[in-house]
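Reviewing the structure listed below.
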Amino acid sequence: MRLAELLTVDRVDTRLAAHDKNEALRAMARMLASGLYPSAGGDAPSVDDVERVLREREAVASTGVGDGVA
């Protein structure tokens with residue numbers, strides 16, 4: 001899956017008011033999980049599953065670029 005396929009208008013929130021990284025990751029997981037579907041059928045991933053993957057990725061290296069942008 002390409003980044004452009006994930007960053008649709010309904011998954012960008014310029015007014016997100018997360019107070020810390022945990023809140024931001026949870027909000028991002030909610031937005032992503034709402035539109036992800038396995039290509040081989042089955043159920044969409046849960047918000048918890050998406051959040052876990054985001055946290056694993058964040059543990060490798062931060063995705064933050066500064067000034068509240070990640």
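The values are calculated or read from the model by the stated rules, or taken from the named source; none is laboratory data. All values reported here derive from a predicted model rather than from experimental measurement. When we count neighbours, we look across all protein chains shown, and the Cβ atoms used for this are built from the backbone with ideal geometry, even at glycine. Note: areas computed on protein heavy atoms with side chains; ligands, DNA, RNA excluded. Shrake-Rupley method; radii C 1.70, N 1.55, O 1.52, S 1.80 Å.
Across the stretch 6-18, what is the number of residues that are farther than 18 Å from Asp67 by Cβ and surrounded by 10 or more Cβ atoms within 10 Å (Cβ to Cβ)?
4
Open to solvent by less than 70 Å² (accessible area, probe 1.4 Å), closer than 17 Å to Leu3 by Cβ and either modelled with pLDDT under 85 or touching a helix residue (DSSP H, G or I) at 6+ places or on another chain (Cβ under 8 Å) (or both): does that describe Ala44?
Considered against the rule, which asks whether it is open to solvent by less than 70 Å² (accessible area, probe 1.4 Å), closer than 17 Å to Leu3 by Cβ and either modelled with pLDDT under 85 or touching a helix residue (DSSP H, G or I) at 6+ places or on another chain (Cβ under 8 Å) (or both), Ala44 comes out as no.
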